[in-house]
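A quick write-up on the structure given underneath.
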Amino acid sequence: MRTKNSNPGQFTLGKNLDPILCLYFQANHLKQLYRQGWIRAGRDVPESQCESVADHNFGMSLLSLFVCDLYFPHLDRMKVVSMCLVHELGEIANGDPPPAKDQALQMKKVEMERQSITLLLRDLPGGDRYLSLWEEFERNETPEARLVKELDKFEMAIQAKIYSLQHGKDLQEFISYVRSCLDSKELIRLLNQIESM
């Protein structure tokens, strides 16, 4: 079963390497970090086709670009796309754990991700700006953060439908879960189309 590497995102890099290159080498780990929800509980998604965290991040970012332009032109599109790109960086060192049902465990998960992303961005000039975007996403208080939270779930519904169509598996539970997380009528309308495919 593919899971995170035993020492995720850790490389021996030259001391004089540009901080952007250091960050990229670390972030590259997300390409090998598979989304655990598809692997757990016998979802029967072949490991060779399992979505990585980087795949998920790409899908969200692409969706955010077009969804913002078409349905949310009043939002700061660059902020939404940027927030999509940074929201999973905390998983580089911590893996892709499922959301914790227990509030204390969820808070611990967020704190571990906060420590990871803080360490990742500490040497990057302007890194505090990206950390602020991650914090805004976690607080879920701005319209941009709320949209990114919804897109995070919405992309999962699309992936569930793709897996259902490819493998003939019933993954309706994922789509039903996503429906319970959406507030925007635009994404609900799109989810209805996905469900009826």
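Read the figures in this text as sums done on the coordinates, not as results from a lab. Every value quoted in this text rests on a predicted model; they were computed, and no experiment measured them. Heads up, the Cβs are rebuilt from the backbone with ideal geometry, glycines too, and the neighbour counts pull from every protein chain shown.
Relative to the longest principal axis of the C-alpha atoms of the chain, give the angle of the C-alpha long axis of helix 77-86, reported between 0 and 90° and rounded to the nearest 10°.
Roughly 70 degrees between the two axes.
Which of 15/108; 101/161; 31/108; 79/101; 109/169 have a Cα-Cα distance over 27 Å?
15/108; 79/101; 109/169
Sort 106-119, 58-71 for me by packing, meaning the mean count of neighbouring Cβ atoms within 10 Å per residue, highest on top.
Order by mean packing, descending: 58-71, 106-119.
Beyond 19 Å, what percent of the Cα pairs of segment 19-150 remain?
Every Cα pair in segment 19-150 considered, those over 19 Å come to 54 percent.
Residue 52's amide H: which non-local residues (gap 5+, or another chain) put their own amide H closer than 5 Å, with H modeled 1.01 Å from N in plane and none for Pro or chain starts?
Result for residue 52 returns 35.
Residue 134: net charge of surrounding residues, Cβ under 11 Å, Lys/Arg +1, Asp/Glu -1, itself excluded?
Its environment carries a net charge of -3.
For segment 159-172, what does the Karplus curve 6.51 cos²θ - 1.76 cosθ + 1.60, with θ = phi - 60°, yield as ³J(HN,Hα) per residue in whole Hz, taken in order and with x for Gly and Pro?
Residue by residue, segment 159-172 yields 5, 4, 5, 4, 5, 4, 5, 6, 10, x, 9, 8, 10, 4 Hz.
Would you mind putting 165-175, 128-138 in packing order, based on average other-beta-carbon counts within 10 Å, highest first?
Per-residue mean Cβ counts within 10 Å order the peptides as 128-138, 165-175.
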